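Throughout, read-outs are computed from the coordinates displayed, never taken from laboratory work. Since this is a predicted model, take the numbers as computed values, not measurements. Here the Cβ positions follow ideal geometry from the backbone for every residue, glycine too, while neighbour counts run over all protein chains shown.
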Amino acid sequence: MINEQSIKQYIKNLFGVKTEHVNIKKLGEGVQGAGFLVEVQTPEGPRSYVIKGLFPDGLEHDYPADRAGVFLLDLDEFKNLPKHVKAIDVLAELEDGSIKSIGGGKEYYLLMERAEGRHYFHDLAAFAGKERLDDTDRAKIKAMTAYLSEIHSVKKESRHLYWRKIRDTIGHGECLMGVFDTYPDGILSYEEIADIEKKCVDWRMKLKPKVNRLCRIHGDFHPGNIWFKEEGQGARGKGGVIDFILLDRSRGPWGEAADDITALTINYIFFSINNYGDVRGAYLEALKLFYDDYIIKTGDTELPEIVAPFYAFRGAVVANPVFYPDVTQENRRKIFNFVHGVLDDESFKVEKVNEYLK
């Protein structure tokens, strides 16, 4: 489970001792992981340490970042509890097998490439002045459905990861329950929040048998993370298709296709409500086109039977006065009605979208 040679080299670098003076043996394992005893002869005498590793399947340890997060918290907090053993460092094994320290940071940052273009919120705002989509609007929607159909075609067998996605959508601090916890008092009663959350838990049980749907996802496919390239930036990609670049993939690479679909399509509903009080015109056309084209490309006719709890999460986001303070209380109420309407229906129906608002 651990790379003994690299661990020995790390110990040598730490204490300035020869690797033959380092002995490693397994202590045992439990439900979450395994422990290894490291015995080292230092100039000050013999010392003993324990290295712990976590198993990667289940218990939200599925991704390397999950396991790193557990150990970084351990490093910060072991020392703060009386009588607790002290954590020395957090070690990372690199692609080449070498070991380096990542412990001791006060904060962590991500360095990435710069995206160029215009995010899709610009297009959504422009829909307000249109009765119908134009050719470019339709081309962009088809570019997005083509992209999603391609990434969602990559499947993986893991009930742990599928169940985690459904569980995270409801209970993760960045998802439904966490978003509700950011609401100021008086926006939505605790009773109604609990009602929505309970309905989503019931949906979780409905979706748990659907583990064969696990696929590669973006995880936060909303308009701010979709930047369409403009002329001079390679606006047309392979085959002349309108091209875009994505930001901020979130919450793991595997999940449910409905997560990406609802992250985007809630915005056709949200923007139309804010402009008209219901879903109409270019927004309604875009919603229909997106579903029709995606289902044609993927054959995923089951999708409308899956989306409800994901719309509940995304509805809670766009109705949140902390994120969108300019939304009127009347329109915010319509979004909550939409959430209830979709959760109470057996299958999402685009043609009923305005009925859900009531």
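Only aspartates and glutamates eight or more places from Lys352 in sequence, or on another chain, were considered; those with a Cα closer than 13 Å are Asp278, Asp344.
Consider a paramagnetic label point 7 Å from the Cα of Leu247 along Cα→Cβ; state which residues of the stretch 106-126 have an amide N under 13 Å from it. Correct set: 112-122.
Do you know the relative contact order of the chain, to the nearest whole percent, from alpha carbon pairs under 8 angstrom that are 6+ apart? Reported as a whole number, the value is 15 percent.
Identify the residues of the stretch 99-118 with backbone N under 12 Å of a label point that sits 7 angstrom from the Cα of Asn3 along the Cα-to-Cβ direction, or state none. Within reach of a label on Asn3: 99-101. Annotation for Ala194 and Leu110: the two label points, set 7 Å from Cα along the Cα-Cβ direction, are 3.6 nm apart. The stretch between Tyr276 and Arg47, if pulled fully straight at 0.36 nm per residue, gains 75.3 nm over its current Cα-Cα span.
Each Lys and Arg Cβ is given +1 and each Asp and Glu Cβ -1; about its Cα centre, the stretch 4-101 then shows a dipole of about 560 debye. Simple spin-label model, 7 Å along Cα-to-Cβ: Ala139 to Lys83 in nm? Taking the simple label geometry, Ala139 and Lys83 are separated by 7.1 nm.
Taken about its Cα centre, the chain carries a charge dipole of about 720 debye when Lys and Arg each add +1 at the Cβ and Asp and Glu each add -1 at the Cβ.
Ordering His222, His84 by the number of other Cβ atoms within 10 Å of each residue's own Cβ, fewest first, gives His84, His222.
Evaluating 6.51 cos²θ - 1.76 cosθ + 1.60 at θ = phi - 60° for every residue in the stretch 85-92, the Karplus couplings come out as 4, 8, 8, 8, 6, 10, 10, 10 Hz, glycine and proline recorded as x. Taking the fewest neighbouring Cβ atoms within 10 Å as the starting point, the ordered list for Leu111, Leu27, Leu287 is Leu111, Leu27, Leu287. Working note: Debye formula, equal point scatterers on the alpha-carbon atoms of the stretch 90-212, no solvent; log10 I(q)/I(0) at q = 0.09 Å⁻¹ is -0.56. Could you tell me which of Ile51, Leu37, Thr136 has its Cα farthest along the dipole of the chain towards the positive end, charges placed at Cβ (Lys, Arg +1; Asp, Glu -1), taken about the Cα centre? Towards the positive end, the residue furthest out is Leu37. Stretching the chain fully between Glu131 and Ala34 yields a gain of 28.8 nm (0.36 nm per residue, less the alpha carbon separation).
Computed over neighbours whose Cβ is under 10 Å from that of Pro304, the net charge equals -4, Lys and Arg +1, Asp and Glu -1.
Expressed as a fraction of 2.2 N^0.38 Å, the C-alpha radius of gyration for the stretch 4-101 is 1.13. As an equivalent ellipsoid, the chain spans semi-axes of 46, 24, 19 angstrom, where each value is the square root of five times an eigenvalue of the C-alpha gyration tensor, largest first.
What FRET efficiency would be calculated for the residue pair Lys206, Lys12, taking the C-beta separation as r and a Förster radius of 45 Å, to the nearest 0.05? The value I calculate is 0.25.
When the Gaussian network model of the chain links Cα atoms closer than 10 Å, the mean-square fluctuations of Asn23, Asn267, Asn212 top out at Asn23. For the peptides 304-310, 193-199, 7-13, the ranking by mean Cβ contacts within 10 Å, running from highest to lowest, is 304-310, 7-13, 193-199.
Placing unit charges on the Cβ atoms only, positive for Lys and Arg and negative for Asp and Glu, gives the stretch 72-161 a dipole magnitude near 280 debye about its Cα centre.
Excluding same-chain neighbours fewer than eight residues apart, the lysines reachable from Lys52 by a Cα-Cα span under 20 Å are Lys8, Lys12, Lys25, Lys26, Lys79, Lys83, Lys86, Lys100. If one computes the Cα centroid of the stretch 282-358 and of the stretch 54-117, what distance in Å separates the two points? If we compute the Cα centre of each part, the gap is 37 Å.
Backbone amide hydrogens, once placed in the peptide plane, bring Phe244 within less than 5 Å of Lys229, excluding anything fewer than 5 places away on its chain.
Spread over its residues, the convex hull of the C-alpha atoms of the stretch 281-349 is 98 Å³ per residue. The label-point distance for Glu174 and Phe323, in a model that sets each label 7 Å from Cα toward Cβ, rounds to 1.2 nm. Using only alpha carbons, the stretch 121-274 has a radius of gyration to Kirkwood radius ratio (Rg to Rh) of 1.01.
With the cut-off at 29 Å, report for the stretch 18-167 the share of all Cα pairs above it, as a whole percent. Tail fraction, whole percent: 48.
Build a GNM of the chain with springs between Cα atoms under 10 Å: which of Pro82, Pro223, Pro209 gets the top mean-square fluctuation? Comparing Pro82, Pro223, Pro209 in a Gaussian network model of the chain, the most mobile one is Pro82.
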